[in-house]
Amino acid sequence: MLTAVQEDYLEATYRIERRGDDVHISLLAERLGCKLPTVTRTVQKLVAMGYVDHETRGTVLLTRMGRSTAEHLAHRHGDLVRFLVSVLGMSQTGAETDACQLEHGMSRLAAQRLHQWLGHIAGLAPAQREILFRFEGRDDMAIPDFHQLPGGRTAGWRG
């Protein structure tokens, strides 16, 4: 089972590859805000688990299993961002940060249901969607003041 950190490494590797860049330890360290030895150790663990291939000073390459997992991780992240922006009316930046935190605690079932729900609302008539999205930016005095809650964990590598 992957840790949240390992998931971030796979997703970062995938996103860098999709940009057309070669993935090197130094680029991952920069992207994830980590030191080179930490990135090297984590990549070695991912090699041992079969998610990536990597030779010393070489390119980090996703294996078939790693690519499949990374694609699903990126998709789950995208669904969360879409929900937070479109339905809850959050800013893109805030949604990216929160999605990075939420995605790691989300079950497979919840991720699948969210994806299905987003597909369902996309298929609704515009008037029906508008009713759902009317919530965006709502300022209701009956809502508890959640400003008293702590800010949560760190912003994550996207923040």
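Calculated FRET efficiency, residue 45 to residue 71, Cβ-Cβ distance, R0 = 30 Å: about 0.90 to the nearest 0.05. Taking amide H as placed 1.01 Å from N in the peptide plane, the amide H of residue 52 sits under 5 Å from that of 47, 63, each at least 5 places away or on another chain.
Given their separation in residues at 0.36 nm each and the Cα-Cα distance between them, residue 61 and residue 129 gain 20.4 nm when the chain is fully extended. Among rounded, prolate and oblate, which fits the stretch 74-135 when a ≥ b ≥ c are the square roots of the eigenvalues of its C-alpha gyration tensor, a/c under 1.5 means rounded, and a/b larger than b/c means prolate? Oblate. By the count of neighbouring beta-carbon atoms within 10 Å, fewest first, 61, 73, 109 end up ordered 109, 61, 73. Listing 100, 34 from fewest to most neighbouring C-beta atoms within 10 Å gives 34, 100. Summarised as an ellipsoid, the stretch 4-68 has semi-axes of 15, 13, 11 Å, derived from the eigenvalues of the Cα gyration tensor scaled by 5 and square-rooted, with the largest first. Net length available on complete extension from residue 35 to residue 109 is 23.2 nm, with 0.36 nm assigned per residue and the Cα-Cα distance removed. Taking θ as phi - 60° and the Karplus parameters 6.51, -1.76 and 1.60, the scalar couplings of the stretch 109-114 work out to 5, 4, 5, 5, 5, 4 Hz in sequence order, x denoting glycine and proline. The value of relative contact order for the stretch 74-135, using C-alpha pairs under 8 Å at least six residues apart, is 42 percent. Exposure proxy shown here: for 43, 87, the number of other Cβ atoms within 10 Å sets the order, fewest to most, as 87, 43.
Read-outs: derived from the displayed coordinates by stated rules, not from any lab. Computed from a predicted structure; not experimentally measured. Virtual Cβ from ideal backbone geometry, glycine too; neighbours counted across all protein chains shown.
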